[in-house]
Amino acid sequence: MTKKQTLIISLLTVTVIILALMVSDRFWLRLDLTKNKAYTISQVSRNLHREIPEPVNITYYVSDRLRNITSLVSEIEDTLIEYTAYSKGKIRLTVRDPVKAGVSRMVDELGLIPRQIQNVEQDQASFSTVYSGIVIEYLDRIDVLPWVIATETLEYDLTTRIRSLVNNTERVVGIIVGDYFRQWRMDFNLLNMVLTDAGYQIRLLQPGEDIPDNLPALFVLGGVEDFDDWVLYRIDRYIQLGGKVLFAVKGVFVDTVRGTIDARHLIDFGLLDMIQSYGAVIRSELVMDKTALIIQFQSVAMSGQTVLRHARYPLWIGVYGSSGNMDHPVSAGFNGVDLYWASPLGLYPPPNVEAVPLFTSTQEAWTMRQEFHTSPDVLYMMELEADESRGEKILGAALTGLFPSFFSGVDKPSRVGLDDELPDMPMVARASRIIVIGDTDFTTDMIAATQDVQRGEQHNLDLILRIADWLVNDDDIIGIRNRLPQTGRFDKILDETRRNSAMRFSQIVNVGLIPLFVIAAGFFIAFRRRMLAKNTEKENMNDI
């Protein structure tokens, strides 16, 4: 090759590199090796541009100081660039530093949340205010992600909010706390937080209060012994109008108020019967399973001293993702759920209603039907009915279709001393959706009390969001959550023999084979170097 040809090839190579850099923001390649393609924009987001008549503006307000501290900012920017690239110009992205742009007061008024970070320079500590929030604008409508510092749920947050802005709809969930001993602000802080962070507005409804006909979804949390016919009529009418409901209701009362965890059969004033008329029977039993969670409790030792103990508690069930119905959007790809003193379900759907299990126990589960022994000090008493009740139990179910009215053919309920009259039932029922889970505690802050030894908080809240999305007909949105990075359990192998075999295999490989391989490799390299040195010495001698 001549010098002229070499020069031409070099110039062409440099030109190609420069042109590639110029168009690199339009073309990219990402190799996503995660099981669920968690770091690839989903199809629903790629096709979102078809639903957008007018341009959507996304502004990422991020402080340069924060950018210099963490690489997460670059990951967020990369995700936003890829997200907007699929929009075919319908979504526009702007990245700004609020301080440099002089809009700090404006973004504060919009709802972005500044954070304080500590800087240490030359042994001097100081604090800086930084931003990392997103403002989404469509026409005259605005939505805000106040603080964004990770990409795990970023696509979900963007797609749900953009769709709501474009359709001019609100993602609202009505909440009825049915049990008298529970309060929303005290017992459901985590549920409130996760729904709010996902863009849902919470509308608290008192039992018996009018339920708006256009309410997208309703959560009924307990209420077996507290709802009268007036309350039930309101809920039944809402369902007849096409309303979607989650019933998180159990058939056995466990006294967590006084901390005794004594259990008894609930006295049903109509709620369980109404749910049964829709096709789901919540049995007055407690489910136990070999997938028991760990409970921490105080016990009195033989010496009379109070000691703190840990034990697997069969009444707290860890439902694995593999026990979910892979054909239903709510349970397809979910990580499981932790249930506390749950009741099993039976499915007997009426005509025009389809009922399917969402998730079940293992085949080794059993129930407690007669006397309830709930103390972790008497674990052996929990297996008295195991032989006669062992088998797979339905723990959560989804029902869809035209539900019969529980108050069909009877007079409207009334309340003594109340002049108000309940509205009439609709002449024709509309198609609706119902989810029934035989547990209320899985929605409460109890999940945070066990998160140090379990993973219930993240998985339970994820399931609740899936339920909310499905109830408000955002089936395709659930697909985004199915692709989020998943965390498994350390005790996923239930069979004792298989678990021991896996542990032995791991020990042999990690403690035995790998160190032996490293030692053997070291001997081989040392031997080879010695042979090379001898050969070199012989060649030098021959040269002499």
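The values are calculated or read from the model by the stated rules, or taken from the named source; none is laboratory data. Quick caveat, the model's predicted, so the values are computed rather than measured. Glycine also receives a Cβ, built like all others from the backbone with ideal geometry; neighbour counts cover every protein chain displayed. Keep in mind that these areas ignore ligands, DNA and RNA; they rest on the heavy atoms of the full protein, side chains included. Shrake-Rupley method; radii C 1.70, N 1.55, O 1.52, S 1.80 Å.
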Note to self: Among M531, V518, A398, which residue has its Cα furthest toward the positive end of the charge dipole of the chain, with +1 on Lys/Arg Cβ and -1 on Asp/Glu Cβ?
What the structure shows: M531
Next item on the list: Could you order M381, M368 so the one with the most accessible surface comes first? Probe is 1.4 Å.
Entry: M381, M368
Next item on the list: Quick one: compute the contact order of the chain, relative version, from alpha carbon pairs under 8 angstrom and 6+ residues apart, as a percent.
Entry: 13
Notebook entry, point to check: In the neighborhood of Q240, defined by Cβ-to-Cβ distances under 14 Å, what is the net charge if each Lys or Arg adds +1 and each Asp or Glu adds -1?
Noted result: +3
Notebook entry, point to check: Expressed as a whole number of Å, what is the distance separating the alpha-carbon centroids of the range 59-131 and the range 234-251?
Noted result: 43
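What is the magnitude of the charge dipole of the range 331-451 about its Cα centre, with +1 placed on the Cβ of each Lys and Arg, -1 on the Cβ of each Asp and Glu, and no other charges, expressed in debye to the nearest 20?
It comes to approximately 500 debye.
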Checklist line | q = 0.06, 0.07 Å⁻¹, the chain: log10 I(q)/I(0) [Debye, one scatterer per Cα] | finding: -0.43, -0.56
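Quick one: dipole size for the chain, taken about the Cα centre, charges +1 on Lys/Arg Cβ and -1 on Asp/Glu Cβ, in debye to the nearest 20. Numbers along the way, then the final one.
Values: 55 positive and 70 negative charges, 616 e Å.
It works out to roughly 2960 debye.
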Next item on the list: Starting from the amide H of V56, placed 1.01 Å from N in the peptide plane, find each other amide H under 5 Å away whose residue is 5 or more places distant or on another chain.
Entry: I91, R92
Next item on the list: Please say if the range 406-445 is rounded, prolate or oblate, where rounded means a/c under 1.5 for a ≥ b ≥ c the square roots of the C-alpha gyration tensor eigenvalues, and otherwise the choice is prolate for a/b larger than b/c and oblate otherwise?
Entry: oblate
Notebook entry, point to check: Using alpha carbon centroids, what distance separates the range 364-408 and the range 276-294, in Å?
Noted result: 3
Note to self: Sorting check: for 171-179, 150-158, which peptide has the highest mean count of neighbouring beta carbons within 10 Å, and how do the rest follow?
What the structure shows: 171-179, 150-158
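Tell me the relative contact order for the range 261-360 as a rounded percent, counting alpha carbon contacts under 8 Å between residues six or more apart. Before the final figure, lay out the partial values.
Numbers: 158 pairs, mean separation 30.1, N = 100.
Relative contact order for the range 261-360 comes out at 30 percent.
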Next item on the list: Can you bin the range 119-193 into rounded, prolate or oblate? Criterion: square roots of the alpha carbon gyration tensor eigenvalues sorted a ≥ b ≥ c, rounded for a/c under 1.5, prolate for a/b above b/c, oblate for the rest.
Entry: oblate
Next item on the list: Enter the angle in degrees (range 0 to 90, nearest 10) between the Cα long axis of helix 154-167 and the first principal axis of the Cα atoms of the chain, meaning the one along which they spread out most.
Entry: 60
Next item on the list: Could you provide, to the nearest whole Å², the per residue accessible area of the chain with probe 1.4 Å?
Entry: 54
Item checked: Cα long-axis angle, helix 456-471 against the chain (0 to 90 degrees, to the nearest 10) -> 70
Next item on the list: Mind checking which of L272, P114, I202 is farthest towards the positive end of the chain's charge dipole, using Cβ charges of +1 (Lys, Arg) and -1 (Asp, Glu) about the Cα centre?
Entry: P114
Note to self: Quick check: the angle from helix 514-543's long axis to the longest principal axis of the chain, C-alpha only, nearest 10 degrees?
What the structure shows: 10
Notebook entry, point to check: What does the highest-first list of 518-529, 224-235 look like by mean Cβ count within 10 Å?
Noted result: 224-235, 518-529
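Sort 7-18, 389-400, 319-330 by the packing proxy (mean of other Cβ within 10 Å over each peptide's residues), most packed first. Walk me through the numbers on the way to the answer.
Values: 7-18: 10.1, 389-400: 21.5, 319-330: 18.7.
Result, highest mean Cβ count within 10 Å first: 389-400, 319-330, 7-18.
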Next item on the list: Would you please state the base-10 log of I(q)/I(0) at q = 0.15, 0.17, 0.21, 0.29 1/Å for the range 191-232, with intensities from the Debye formula using one equal scatterer on every alpha carbon?
Entry: -0.46, -0.57, -0.81, -1.14
Note to self: Under the rule a/c < 1.5 gives rounded, and otherwise a/b versus b/c splits prolate from oblate, where does the range 157-221 land using the Cα gyration tensor?
What the structure shows: oblate
Checklist line | Carbon and sulfur %, accessible surface of the chain computed with the full protein complex present, 1.4 Å | finding: 54
Notebook entry, point to check: Mind listing the phi-derived Karplus ³J(HN,Hα) values for the range 175-182, rounded to whole Hz, using 6.51, -1.76 and 1.60 with θ = phi - 60°, and x for any glycine or proline?
Noted result: 10, 10, 8, x, 7, 4, 8, 10
Check: With charges set only on the Cβ (+1 for Lys and Arg, -1 for Asp and Glu), what does the dipole of the range 87-168 come to about its Cα centre, in debye to the nearest 20?
Finding: 440
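With both partners inside the chain, how many of the DSSP beta bridges are antiparallel, as a percent to the nearest 5?
On the way: 57 of 80 bridges.
Roughly 70 percent of the beta bridges in the chain run antiparallel, per DSSP.
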Margin query: Report the gain in length on full extension from R430 to S375: 0.36 nm times residue separation, minus Cα-Cα distance, nm rounded to one decimal.
Written below: 15.3 nm
